[in-house]
1. When the residues of segment 274-294 are filtered to those that are in contact with a Gly (Cβ under 9 Å, 6 or more places away or on another chain) and within 14 Å of Met229 (Cα to Cα), which remaining residue is surrounded by the fewest Cβ atoms within 10 Å (Cβ to Cβ)?
2. Restricting the search to segment 81-93, which residues are under 24 Å from Ile341 (Cα atoms) and open to solvent by less than 40 Å² (accessible area, probe 1.4 Å)?
3. Report whether or not Ser328 is surrounded by 18 or more Cβ atoms within 10 Å (Cβ to Cβ), farther than 28 Å from Asp77 by Cα, modelled with pLDDT of 90 or more and within 17 Å of the chain's Cα centre (by Cα).
4. Would you point out the residue of segment 192-215, among those that are within 16 Å of Thr138 (Cβ to Cβ) and without any contact (Cβ under 8 Å) to a residue 40 or more places away in the chain, that is most open to solvent (accessible area, probe 1.4 Å)?
5. Taking the residues in segment 94-123 that are surrounded by fewer than 19 Cβ atoms within 10 Å (Cβ to Cβ) and not acidic (Asp, Glu) as candidates, determine which candidate is farthest from Gly367 (Cα to Cα).
6. Looking for something touching a strand residue (DSSP E or B) at 6+ places or on another chain (Cβ under 9 Å), of a type in the set (Gly, Ala, Ser), buried (at least 19 other Cβ atoms within 10 Å of the Cβ) and over 20 Å from Thr235 (Cα atoms) - is there at least one such residue anywhere in segment 336-347?
7. For the list (1) over 19 Å from the mean Cα position of the chain (by Cα); (2) open to solvent by less than 10 Å² (accessible area, probe 1.4 Å), I need the number of the one condition that Leu69 fails.
8. Quick check on my filter: what residues within segment 131-151 are in a strand (DSSP E or B) and within 25 Å of the chain's Cα centre (by Cα)?
Amino acid sequence: MKKFVSLIITVLFTVTLSTSAFAESAGFKDESTVINAGTPYDKSYVEIRFSTGESETAGVPLAYKEFLLSPAGNRIDKIDGNTGETLISAELSEKVSESLGGAITNGVLYQPARTTVFAVELENMSVKCSRQFGEIITDIAAIDGLIYFGVRNNDGYSFICADAEKNLEKVWEYKSENAITSAGLFGEYIVFASGNKLICHSKTDDDFKENEIAGTITNVYAGKYAVFMTAEGGTLYKVRLEADGTVEDGSLMSLEIGGELSAPAEKENKLFVSSTNGFYAVDALNMDVIKAYPDLKNGCDPVITTGSGFRAYVAAPVPSEGKWYLYSVLDNDDVLTLSEIVKINDFTNGKISVSDSGVMYFRDAKGHIYALGIRENDIFTIILKIVIFIAIMVFLFLILRAWIKKHSDKTPKFT
């Protein structure tokens, strides 16, 4: 009994920590984007916490601790993540990017504008430094005091590593004639693509390997054991990498999905991807389609969370209604169940960010931001609270019983 109760308490304690502890967003396209928090799971138990006004210059929102960072125009608002109240703002000298996301590390947001990267201290929203690099064309990623992103200049394309601690001085630069994708982190390598090449680049120096893949790569996602790519023409690719950054012989696998593909998302050998042809769940080991949802055409980039079960979220239009729906695909012991979560407005080119507490933020086509969460005191929350209460009471009872037994053994016996 003691072991069982201890196990329950340990699990509950772990869940509580995992949903409240903040893991800084590095901005990489990899499993670090998977959030272990209780996200909306049923349309009957969902609520809109707040919504913001329309903004033609809204950028990509980013959840940070109990706040939401909302770039728009020449500023970044720091918003209370539950009420939507703007607490403080940072003023920038250039308009933020409307399609590219920033990254947070060491309490600093690295925000892309059209040609400039701004470093913003999140405590007081002051601009620490900024630097121009050319037209920024990828999301920003950050790790170990370095940031990574792609740019376009008059002489072609570059993927740049800059030192976050030295006023964004350039550390190294990879140049190419072809467009460059956003980056993933695979082991000790920064992985990104240019044309038909998968580049595995050292984090800190000029060492890199170029791996030719059969197709023009549009997105890269670094899984735990393999790298996944989408390519023009609707093909998914998967490769395993050697320790030196080269592709392992015979590891290249592909799957023809068709249409134009979104950025993929993968966890526990389940890969999800949107297409102009539908939404797909793929066996990431064998690169076979597990289930296709042909009605969910033109969906957004999928998002995976694990706090309310293993779920993949995607927003897709419903042309007959002139609306979009947010859908959840629950993976329960390899049985996939599709559920409608909520109707949303036009989500063309929309962006999603998920907080560590499970609140989901949606920026739609008109720049509105909606905060979506589980309705408080729904049946799931009530059951969880009851279980926690019972576990605490049993635990206290065992402690009290052990204390009584310990002290009763020391009591003199009279006959």
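The values are calculated or read from the model by the stated rules, or taken from the named source; none is laboratory data. Just so it is clear, the structure is predicted and the values come from calculations on it, not from any experiment. Methodologically, a virtual Cβ is constructed for each residue, glycine included, from the backbone with ideal geometry; neighbour enumeration extends over all protein chains shown. These area figures cover heavy atoms from the full protein model, side chains too; ligands, DNA and RNA do not enter into them. Shrake-Rupley method; radii C 1.70, N 1.55, O 1.52, S 1.80 Å.
1. Looking only at segment 274-294, we keep the residues that are in contact with a Gly (Cβ under 9 Å, 6 or more places away or on another chain), and these are 274-279, 284, 292-294.
Filter once more, keeping what is within 14 Å of Met229 (Cα to Cα): 274-275, 284.
Values: Ser274: 28, Ser275: 22, Ala284: 25.
Across segment 274-294, the extreme among qualifying residues is Ser275.
2. Matches in segment 81-93: Gly81, Gly84.
3. Yes, satisfied.
4. Residues of segment 192-215 within 16 Å of Thr138 (Cβ to Cβ): 192-195, 197-199, 201.
Narrowing further to those that are without any contact (Cβ under 8 Å) to a residue 40 or more places away in the chain: 193-195, 197.
Numbers: Ala193: 0, Ser194: 3, Gly195: 10, Lys197: 61 Å².
So the residue we want is Lys197.
5. Asn106
6. no
7. Here Leu69 clears every test but (1).
8. Scanning segment 131-151 gives Glu135, Ile136, Ala141, Ala142, Ile143, Leu146, Ile147, Tyr148, Phe149, Gly150, Val151.
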